[in-house]
Amino acid sequence: MAEHPAYPVGLRLSGRRVVVLGGGQVAQRRLPALIAAGADIVLVSPHATPSVEAMADAGEITWVRRAYQDGDLAEAWYALIATSDPEANTRASAEAERHRVWCVRSDDADQATAWTPATGHSEGVTVAVLTTHARGRDPRHTAAIRDAVVEGLRDGTLVAPHHRTRTPGVALVGGGPGDPDLITVRGRRLLAEADVVIADRLGPRDLLAELPPHVEVIDAAKIPYGRYMAQEAINNALIEHAKQGKAVVRLKGGDPYVFGRGMEEVQALAEAGIPCTVVPGISSSISVPSAAGIPVTHRGVAHEFTVVSGHVAPDDERSLVDWPALARLTGTLVILMGVDKIGKIAETLVAHGKSPETPVALVQEGTTAAQRRVDATLATVAETVRAEDVKPPAVIVVGEVVRVGPETSA
């Protein structure tokens, strides 16, 4: 048997009896996949790890609290033998052979009738890697191959085009704060599968260079608006390309729903009858301060943080922000899109009780190669922005957390 390769097959275990002998670390690793497969699982073991015990308490498995006995594998479709008793493992393996039950042994693969492959999952696909022969099996090598394939599928570096007809639709993808490594794996995969990408200037632009030549990339800032407002024109572009049967990705900076007008696009697509998938992104309101060494919360310093848009000045009748209330808060204030209004914002905060000496940090082009941090106070921030020529995009952090750093004692 050792001279012949294993025959790979996918077992459909939903509703079928699976017996697991032993409640240790091996069972703890293998049980979640068996539970996900819908198997009717019986665990036979006098003891179990806390995690395995929790599975039994939750009703995900049936736990028989004793050692293995002959007959335990009757009516089973599949067995996992993983006790610490070699003699019991041998007897159980022999029973599995008699009952023609496919059996995995954690202690002796050569005596097993089945092997567990190194598996991973990506969007409805299971990747399973097996060593060809028992002799010379190297679990770390098979796991490394599994990881490489799954990671490639997830991040789009390994592209496997869909050949069946796809349902037209749009994916609203949050690209994160700018560093291409900070987009989610799902977002990167959808980019790799796109026919059309409509991108904001604040999205991770470096990823666009990785797209195949056939992908049409549209700069949202350059869509001809004509009689439409900018957002209306973008909505129409999404609808038109999706109706042509194309896979469309709307690539946005940060998160689509954090000052990204994402819901407006979802509503327009819904009205046009076009399905839309929303992929969350890492918001610059948290990630950019973090990249600059600023925690938005810190024990003993700030127990809350508030994120506001600064694109409308405090004295503008269109403003929806309660600036006087923000001035009374003791936590961290994060301001997005507020570089050109920071002077008026600082003046308003001070007028309503905030100390002029409250520290302020402006982080320009956060997480990118051009990132820089400029520090000031509420009293000096307007002049500092002019003197240092701070330009958008920049995230502004107001509060004592600006002074917290690695050298600060807890």
Which residue, of Glu97, Glu75, Glu87, is out of contact with any Phe, Trp or Tyr (no Cβ under 6 Å at 6 or more places or on another chain) and not in a helix (DSSP H, G or I)? Glu75
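Can you say whether Gly245 is at pLDDT 85 or above, assigned by TED's automatic domain parsing to the domain that holds Ala272 and closer than 26 Å to Thr367 by Cα, as far as the supplied structure shows?
It is false that Gly245 is at pLDDT 85 or above, assigned by TED's automatic domain parsing to the domain that holds Ala272 and closer than 26 Å to Thr367 by Cα.
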Might you check whether a residue that is under 29 Å from Ala394 (Cα atoms), touching a residue at least 40 places away in the same chain (Cβ under 8 Å), assigned to a loop (DSSP other than H, G, I, E, B) and under 26 Å from the mean Cα position of the chain (by Cα) occurs anywhere in the range 260-269? yes
Here is a list of conditions, (1) touching a strand residue (DSSP E or B) at 6+ places or on another chain (Cβ under 7 Å); (2) closer than 21 Å to Val125 by Cβ; (3) modelled with pLDDT of 80 or more; (4) not in a loop (DSSP other than H, G, I, E, B), and Ala148 meets all of them except one; can you say which number that is? (1)
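I'm trying to understand the selection: among the residues of the range 243-258, which are outside any loop (DSSP other than H, G, I, E, B), surrounded by fewer than 24 Cβ atoms within 10 Å (Cβ to Cβ) and under 26 Å from the mean Cα position of the chain (by Cα)?
Step one: of the range 243-258, the residues outside any loop (DSSP other than H, G, I, E, B) are 243, 247-252, 254.
Filter once more, keeping what is surrounded by fewer than 24 Cβ atoms within 10 Å (Cβ to Cβ): 243, 247.
Correct list: Ala247 only.
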Any chance the range 36-45 includes a residue that's more than 19 Å from Ser106 (Cα to Cα) and part of a helix (DSSP H, G or I)? yes
Give the residue, chosen from Arg227, Arg201, Arg189, that is at pLDDT below 90, assigned to a helix (DSSP H, G or I) and of a type outside the set (A, V, I, L, M, F, W, C). Arg189
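Can you tell me which residue among Ile294, Ile234 is outside any loop (DSSP other than H, G, I, E, B) and out of contact with any Lys or Arg (no Cβ under 7 Å at 6 or more places or on another chain)?
Going through Ile294, Ile234 in turn, just one is outside any loop (DSSP other than H, G, I, E, B) and out of contact with any Lys or Arg (no Cβ under 7 Å at 6 or more places or on another chain): Ile234.
The values are calculated or read from the model by the stated rules, or taken from the named source; none is laboratory data. Bear in mind the structure is a predicted one, so any value in this text is a computation, not a measurement. In this analysis, Cβ positions are derived from the backbone assuming ideal geometry, glycine residues included, and neighbour counts consider all displayed protein chains.
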